[in-house]
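Q: One structure follows; several queries about it will come next.
The values are calculated or read from the model by the stated rules, or taken from the named source; none is laboratory data. Nothing here was measured: the structure is a model prediction, and the numbers come from that model. Note that we place each Cβ from the backbone using ideal geometry, even for glycine, and neighbour counts take in every protein chain shown.
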Amino acid sequence: MKIILLGAPGIGKGTHGDMLSVKLKIPKICTGDMLRSETKKGTAVGKKAKVYMDRGDLVPDSVVLEIMENALDGRKDFILDGFPRTLAQAKSLEKTFAIDMVINFVAPNKEVMERVTGRLTCGYCGEIYHHKFAKPKKSGTCDKCNGQLYVREDQKADVVRKRLDVYEKLTRPLVDYYKKKGMLLEINVSGSIEDVKRGVWKSVNDYIKKNKLTEE
Ligand code: AMP
């Protein structure tokens, strides 16, 4: 099964994508993680991408498409977290793959802002915390590895605002694009995380059964 996850930055595509990946036994591919890994390794692609990522812009299609071509090569099943993010990326993807479903996560902008700007990341192991919803036991320190927590450059308030603007302009049109194709499942993810997770799984499972997307 080939699934695309859509939704504003910080809405929880990563969290819900991980849950769906485990339940459906389908690998999740996260473009943002791949770009961050290139940046960490200091590759030419990583250096180029960092400039755009740090200021909240999208990395140019040509760069992302090259990375994704390699990541998706020969795959039968995947959950895409953070790709496509432009119409050009969507059109390029469908040249090679027939997508089964597109999930659009929605929540009020205010809630998204609060979730994403409160995030703290461990500089050592990458574990994610939240200063209100998922506090570390000791302030500023990772529970798992004792690493120091920091606020990612692209999770600072002004950059988040920019990312939300960019989302509205360049990525939101994909919602209509896939709705017109009749392949969009919209899920409201406003509220407490455990209830939301259960709701997401129920919606996705029902949709899969209704549309007979499983191969048995
Ligand atoms: P994410 O972790 O998914 O929010 O992605 C972090 C950043 O990586 C984004 O703000 C973009 O700068 C860049 N990025 C991730 N996916 C894409 C994509 N499909 N197209 C362009 N830029 C992307």
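Q: Just one of (1) at pLDDT 95 or above; (2) closer than 24 Å to Leu24 by Cβ trips up Lys209, so point out which.
A: Exception for Lys209: condition (1).
Q: If Tyr150 satisfies all but one of (1) loosely packed, with under 14 Cβ neighbours inside 10 Å; (2) within 17 Å of the chain's Cα centre (by Cα); (3) within 24 Å of Lys40 (Cα to Cα), what's the number of the condition it fails?
A: (2)
Q: Inside the range 35-52, can you point out the residues that are over 20 Å from Tyr124 (Cβ atoms) and assigned to a helix (DSSP H, G or I)?
A: Quick first cut of the range 35-52, residues over 20 Å from Tyr124 (Cβ atoms) only: 43-45, 47-49, 51-52.
Scanning the range 35-52 gives Ala44, Val45, Lys47, Lys48, Ala49, Val51, Tyr52.
Q: Would you check if there is a residue in the range 2-18 being in a loop (DSSP other than H, G, I, E, B), more than 11 Å from the chain's Cα centre (by Cα) and either at pLDDT 95 or above or of a type in the set (Phe, Trp, Tyr) (or both)?
A: So in the range 2-18, the residues in a loop (DSSP other than H, G, I, E, B) come out as 7-12.
Of the ones still in play, those that are also more than 11 Å from the chain's Cα centre (by Cα) are none.
Scanning the range 2-18, I find no residue that is in a loop (DSSP other than H, G, I, E, B), more than 11 Å from the chain's Cα centre (by Cα) and either at pLDDT 95 or above or of a type in the set (Phe, Trp, Tyr) (or both), so the answer is no.
Q: List pairs: first residue in the range 19-42 and more than 17 Å from Asp57 (Cα to Cα) and away from the ligand (no atom under 11 Å from the Cβ), second residue aromatic (Phe, Trp, Tyr) and in a helix (DSSP H, G or I) anywhere in the structure, Cβ distance under 7 angstrom, at least six positions apart or on different chains.
A: Going by the 7 Å Cβ cut-off, the qualifying pairs are Met19/Trp201; Lys23/Trp201.
Q: I would also like to ask the following. For the range 143-183, name all the residues that are in contact with a Leu (Cβ under 7 Å, 6 or more places away or on another chain), within 15 Å of Val112 (Cβ to Cβ) and not in a helix (DSSP H, G or I).
A: Matches in the range 143-183: none.
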